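Taking it in order: structure first as structure tokens, then the write-up.
Readers should treat all values here as calculations from the given coordinates under stated rules, not as data from a laboratory. Nothing here was measured: the structure is a model prediction, and the numbers come from that model. Counting neighbours? That spans all protein chains shown, and the Cβs are built from the backbone with ideal geometry, glycine included.
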Amino acid sequence: MNARDTVLSSIRSAAVPPSPAAEQVSHAGGTVDLLEHFFRMLTAVGGRGLVRRANESIVDLVTSLAEDEQGGVVVVPGRVAVAENGAVYVDASDLVARADIVRAEHLVLVVPAAALVPTMHEAVRLMPRGSACGWFLSGPSKTADIEQSLVVGAQGARTLHVIFDAG
Amino acid sequence: MSRTHPAAAAVFLRDSERAAWHDEALWFVRQKRDTATALPEWEALRDAGAALKAHAMGRLAELLETFETHATAAGVVVHWARDAAEHNAVVLDILRSAGATRVAKSKSMLTEECGLNPVLEASGIEVVDTDLGERIVQLAHEPPSHIVLPAIHWKKEEIGALFHRTMGTPAGESSPEALAAAARDHLRDALLHADAAITGANALVAETGGVVVCTNEGNADLGMHSAPLHIVCVGIEKIIATLDDLAVLLRILARSATGQPITAYTTHVAAPRPGARMHVVLVDNGRSARLADPEMRSALHCIRCGACLNSCPIYRRSGGHSYGYVIPGPIGAILAPAVDLKAHHDLAFASTLCGSCGDVCPVRIDIPAQLLAWRGRAAAAGALPAGYAALIRRFGAILADRRRFDRAGRWARQALRLIPSALLTGRWNPWTRASRTLPVVPRESFREWARREGRLK
């Protein structure tokens, strides 16, 4: 037998009894101010967030962010924002190259204001079907591998901004 | 590993200041975990975590086949490996066929388990471990001492000296910011110029054919999206059924590991990028045999968060290297005996059975019960040292007989009071030699007290 057949038959002969799928986990997500919660979590993970009003230009906003930063700024659309952990889902089909997501020194994620959900339970259901690649990004790159001291900008983006597009 | 856990731990504890520092560093991580898991639905999430893993194990063969079908349709090449040697041979073959000589590898406990790096290096392939903690221990020619925090046992001054020697950072530089900045340049260079990227996986999603990789540094992404070739090395037990299951997994993983609500990067990759190649190597290496062992099966549910390590009073005070197995701590102590009971039976005893590991496990693995069961199997297999086994039998006989237990208790209370403490705490006593004190001896037993008070019929 080849390796595939050996492994599969060995698993089948273990005869593990069937066990039901996990039940849905209910949570109190709907009772809190989601935007306030998202911004609090985003700040906690080292990111910064703002909301674009109808009369503001997105180009001006990004330019104002970029002025403070050295190195390249990459602006990408986010599909979903998750209040519980400050993460934004970005799909690779919205990027020129996948590597941009980590090569960028500074990331700006622009998310439709309506695409904010309480938890990961709702977020995974909004990932595009058949996606080749995508990310939940929660704040900039970081490490605490040296004596548990948090250092932001480990290998990927040094800063991460989330702009909610309410326009 | 020839040295037993108590012997290796005794060496670790010789530097008491360092041992205390190690203990505190891990307790700090445990406390961050406690804060992050203070969600009203936390226990329901643990239930769901346990359920989704038990569900996946009950459908393991079918889910792996579904994953393979989806991944293959998306242009991913799926390989199977029965054991470590076959895994290493498959990876080496893929790299050789591609003419790859420089490999950037992100964190993968599976490749540590299989001993991949030495095999590749012996074939002239340069491997750079790109997680900062992993790079530190790689430069020091050491294995990781923790599954999430590989260099938790290193002090910043020592890392500074190591980087000075290996990367040319200024002598005496020990600020984490400066050292991490130097590592950023060093690692980005390796990552952007690698011929191939090797990553592990935190999960395989059968429903999507996707590989999920979680990092904080972004090193796995830098590698897999830059190199023309991406190889995923993953154990078969990492499969989950659906994206709904992934949501649960991602909610419990980082909170349990580091106290973060989620890692900075959570990548779901189901197809190679245009012009690049992607391979997934599915590895058994003893997992299907473990699956056939109902009592110990649930150890395969482990999501490698490390919470049991950070919680364990023995791990925190003995260090990861004292376990002599690739995965240390309570979870390692129930995985290792299945690999080799004779060599690793000592790990089943590297626990006070306080239960803390089981209490923090986000997928509710009953680690204390399995530690106890492994002790029984070690004894039954005659793996315990002869003197130890005889002592346990004597104790067992006393504990099983109330009259003998009462008599032994009376004798011990008398003896401990009458014998001078200098004699009791001498070098001959292994209990006090390991810098432990003797308990204050009570005048009477609980039963004697109850009888005197007239509360015992």
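Mean partner shielding of peptide B:80-90, defined as the number of other chain Cβ atoms within 10 Å of each residue Cβ, is 2.
Tell me, what is the Rg over Rh of segment A:31-165, with Rh the Kirkwood radius over Cα pairs?
Numbers: Rg = 14.5 Å, Rh = 15.2 Å.
A ratio of 0.95.
Taking the helices alone, chain B has a mean residue ellipticity at 222 nm of -15500 deg cm²/dmol, built from -39,500 (n - 2.57) per DSSP H run of at least 4 residues and averaged over all its residues. Normalised size of segment B:37-288, defined as Cα radius of gyration per 2.2 N^0.38 Å with N residues, equals 1.02. The dipole here belongs to segment B:179-223: it is taken about the Cα centre, uses +1 on the Cβ of Lys and Arg and -1 on the Cβ of Asp and Glu, and is about 80 debye.
Relative to 2.2 N^0.38 Å, what does the C-alpha radius of gyration of segment B:387-452 come to as a ratio? Two decimals please.
Numbers: Rg = 13.9 Å, N = 66, 2.2 N^0.38 = 10.8 Å.
It is 1.28.
In the protein assembly as shown, taking the dipole from charged Cβ atoms about the Cα centre, the farthest positive-side position among B:T111, B:H225, A:V88 is held by B:T111.
Going by C-beta contacts inside 10 Å, put A:Y89, B:Y325, B:Y315 in order with the fewest on the left.
On the way: A:Y89 26, B:Y325 21, B:Y315 30.
Sorted ascending by nearby Cβ count, the order is B:Y325, A:Y89, B:Y315.
Sorted from greatest to least, the principal axis extents spanned by the alpha carbons of segment B:230-287 come out as 36, 33, 21 Å.
Beyond 20 Å between alpha-carbons counts as too far, so tell me which of B:K105/B:K155; A:K142/B:K32; B:K32/B:K238; B:K53/B:K238; A:K142/B:K105 fall in that bin. In this structure, B:K105/B:K155; B:K32/B:K238 exceed 20 Å between Cα atoms. Across every direction, the projection of the convex hull enclosing the Cα atoms of segment B:259-413 has a mean area of 13.5 nm².
When restricted to Cα atoms, segment B:71-161 yields an Rg and a Dmax of 15.0, 50 Å, respectively. Taking the C-alpha atoms only, the angle from helix B:156-167 to the longest principal axis of chain B is near 30 degrees.
For chain A, return all DSSP H helices satisfying: extent of Cα atoms along own axis at least 30 Å; mean Kyte-Doolittle hydropathy at least 0.5.
None clear 30 Å together with a mean of 0.5.
Looking at chain B, what % of the alpha carbon pairs are farther apart than 34 Å?
On the way: 41379 of 104196 pairs.
Above the 34 Å cut-off, chain B has 40 percent of its Cα pairs.
Pair-distance distribution P(r) for segment B:1-101, from all Cα-Cα distances in 10 Å bins starting at 0: 11, 17, 20, 30, 21, 2 percent.
So how tilted is helix B:402-418 from the main axis of chain B? Cα-based, degrees 0 to 90, rounded to 10. Between helix and principal axis, roughly 80 degrees.
Just to confirm my numbers, what's the Cα centroid distance between segment B:204-275 and segment A:116-167 in Å? The two parts, judged by their Cα centres, are 13 Å apart.
Legend note: in chain B, cysteines whose Cβ sits 4.7 Å or more from every other cysteine Cβ are B:C114, B:C214, B:C233, B:C302, B:C305, B:C312, B:C354, B:C361.
Which order do B:T352, B:T242 fall in if you start with the one that has the fewest other Cβ atoms within 10 Å?
Values: B:T352 12, B:T242 19.
Ranking B:T352, B:T242 by Cβ neighbours within 10 Å, fewest first, gives B:T352, B:T242.
Taking the number of other C-beta atoms within 10 Å as the exposure measure, put B:L416, A:L42, B:L391 in order starting with the fewest.
Details: B:L416 15, A:L42 24, B:L391 12.
The order, fewest Cβ neighbours first, is B:L391, B:L416, A:L42.
Helix B:42-58 and the longest principal axis of the Cα set of chain B meet at an angle near 70°. Taking a quarter of the surface of the Cα convex hull of the protein assembly as shown gives a mean projected area of 32.8 nm². Note that segment B:175-330 shows a convex hull volume over its alpha carbon atoms of 150 Å³ per residue.
Close amide H contacts of B:H79 (hydrogens built in the peptide plane, cut-off under 5 Å, sequence separation of 5 or more or a different chain): B:V280, B:V281, B:L282. For B:K105, the residues whose amide H sits under 5 Å from its own are B:V128, B:D129, B:T130, B:I198, ignoring neighbours fewer than 5 places away on the same chain, with H placed 1.01 Å from N.
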